[in-house]
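Novice: Quick one: the structure is below, and I'll ask about it shortly.
The values are calculated or read from the model by the stated rules, or taken from the named source; none is laboratory data. Since the model is a prediction, treat every value here as computed from it, not as a measurement. Cβ placement follows ideal geometry from the backbone for every residue including glycine, while neighbour counts extend to all protein chains displayed. Side chains are part of the model used for accessible areas, which takes the heavy atoms of the whole protein and leaves out ligands, DNA and RNA. Shrake-Rupley method; radii C 1.70, N 1.55, O 1.52, S 1.80 Å.
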Amino acid sequence: MEDERQSFLSKHRAISGYIAHEGLELKNFDACLKWVFVDQSNVWRTGISWSIFFVLAIGVPLVSHFLLSCSDCDENHSRPYHIVSQLSLSLFSVLAFISLSCWTRKYGLRRFLFLDKLYDASEKVRHGYKQQFQNSMKLLCMIVFPCFAAECLYKIWWYVSGATELPYYGNIYLSNTILCTLELCSWLYRTTIFFLVCVLFRLICHLQILRLENFAQVFQKETEVELILMEHLKIRRNLRLMSHRFRLFILLSLIMVTASQLISLVMVTRSSAHVNIFKAGELALCSISLVISLFICLRSATKITHKAQSITGLAAKWHVCATIQSFDYTESETPMAPISSAQVFPFGADIESEDDEAAEDDDLDNTRLVPIYTQTISFQKRQALVKYLENNRAGITVFGFTVDRMWLHSIFAIQLALLLWLLNKTIG
């Protein structure tokens with residue numbers, strides 16, 4: 001009775017600490033949303049959020065394009081690729097802003113970040129998610145600030161070097177300063193919005209990876225098949241929810257980035273194009289930003305799919321080891337170890353010691369043999385579990401297509417075909 005009471009109190013303290021930490025992380029995330037003006041917690045903030053969105057994502061690029069149109073400027077200030085770069089950033093920011101607004105309004109912060117699924121998770125998963133939450137905000141700053149610094153250098157050079165040629169209104173210095181500031185604010189706002197969505201997708205994927213790595217531990221201890229099945233069903237449900245929430249964003253991002261890069265390629269490879277860092281610098285920075293954001297999403301989705309599908313191999317290895325050990329037990333003439341103790345193959349250590357890369361293996365995809373509890377789970381149950389995992393592979397899907405390495409290879413092949421076709425039309 002006393003042990004149960006202590007266990008209940010320790011669990012209660014852990015959950016209380018988790019809830020307190022969850023509240024702190026939600027405050028930090030809410031502050032991040034306020035910083036990028038995506039906070040729509042009430043009508044007043046919603047109006048401000050959409051007003052700033054229309055001004056910085058749509059209004060400023062349109063105004064700067066028409067007000068700074070200069071047919072008499074030199075080649076370095078003619079901005080032939082301005083429409084493509086600004087349209088790409090604006091369309092991507094529109095997609096990210098609408099998606100983030102719908103997610104936070106429909107699900108709320110706790111459900112959107114899957115914090116409500118952590119109440120029954122282990123302390124290791126909670127601590128790992130806490131670390132990933134902090135690292136995600138650092139990653140966002142590490143990506144946005146260098147790109148913004150490069151954009152600042154380019155814009156300042158563009159306005160300073162072309163001060164006497166560019167159109168101005170009223171005082172030349174005040175006009176250029178205001179226009180430059182507005183353009184930089186617009187660029188920072190748009191890039192931060194779509195990078196934020198990609199980083200949040202990466203964060204949620206890391207949570208499921210932590211749960212998968214924790215789930216892999218069930219094959220290292222005495223566990224019933226029913227418990228393994230229930231935990232795997234929870235993970236599959238979470239991955240299905242993630243797929244339904246992000247599938248449209250991933251698909252449209254892939255289409256928009258591909259179209260943007262192909263259009264940019266056509267413009268810079270045509271016979272009349274004169275490309276240099278001064279004329280195409282902004283286009284190059286825009287392309288780098290979009291490709292990085294897409295890379296974050298696809299890499300995160302592919303990684304979690306690979307981890308989820310590695311469960312099948314781990315379960316099959318566990319089943320094989322248990323089956324072989326059971327035959328050794330029945331054919332042996334000497335008494336075996338007690339049933340409740342874990343048993344491993346004696347050559348497992350040799351396999352690990354001979355492999356120089358064994359230390360780099362994780363709990364899901366490794367070459368190590370697993371401890372065996374021969375008599376605790378029957379052969380039929382183990383076989384049924386392996387069959388279930390083989391026919392119910394988990395992972396991130398986009399409208400039924402699993403985002404795995406094969407899917408990425410197919411996308412790369414299609415894009416390569418389009419690239420070669422366009423090069424044949426422009427250069428060939």
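Novice: With each pseudo-label sitting 7 Å past Cα toward Cβ, what's the Phe54-Cys73 distance in nm, one decimal?
Specialist: It is 2.8 nm.
Novice: Calculate, in nm to one decimal, what Arg236 and Asn276 gain on full extension: separation in residues at 0.36 nm each, minus their alpha carbon distance. Write out the running numbers ahead of the final one.
Specialist: Values: separation 40, 0.36 × 40 = 14.40 nm, distance 4.96 nm.
Between Arg236 and Asn276, full extension yields an extra 9.4 nm.
Novice: If you don't mind, there's one more thing I want to ask. To the nearest 10 square angstrom, how much accessible area does Tyr119 have with a 1.4 angstrom probe?
Specialist: 140 Å²
Novice: On to the next question. Rolling a 1.4 angstrom probe over the protein heavy atoms, how many square angstrom per residue are accessible across region 47-190? Numbers along the way, then the final one.
Specialist: Numbers: 7010 Å² over 144 residues.
Accessible area per residue: 49 Å².
Novice: According to a simple spin-label model (label point 7 Å from Cα along Cα-to-Cβ), what is the distance in nm between Asn391 and Asn42?
Specialist: Result: 5.5 nm between the two label points.
Novice: Going by the alpha-carbon gyration tensor, a ≥ b ≥ c the square roots of its eigenvalues, is region 91-208 rounded (a/c under 1.5) or, if a/c is not under 1.5, prolate (a/b greater than b/c) versus oblate?
Specialist: Prolate.
Novice: Using 1/(1 + (r/R0)^6) with R0 = 45 angstrom and r between the beta carbons of Lys124 and Ala149, what's the FRET efficiency to the nearest 0.05? Before the final figure, lay out each step's value.
Specialist: On the way: r = 37 Å, r/R0 = 0.83.
Calculated transfer efficiency: 0.75.
Novice: Now for a different question. For the residue pair Ala259 and Leu62, what label-to-label distance in nm results when each label sits 7 Å from Cα along the Cα-to-beta-carbon direction?
Specialist: Once both label points are built, they end up 1.9 nm from each other.
Novice: Let me ask something else. Around Val398, which amide H atoms from residues at least 5 apart in sequence, or from another chain, sit under 5 Å from its own amide H, with H modelled in the peptide plane?
Specialist: For Val398, the qualifying residues are Val403.
Novice: Tell me, how many Å apart are the Cα centres for region 70-147 and for region 211-227?
Specialist: Each part's Cα centre sits 34 Å from the other's.
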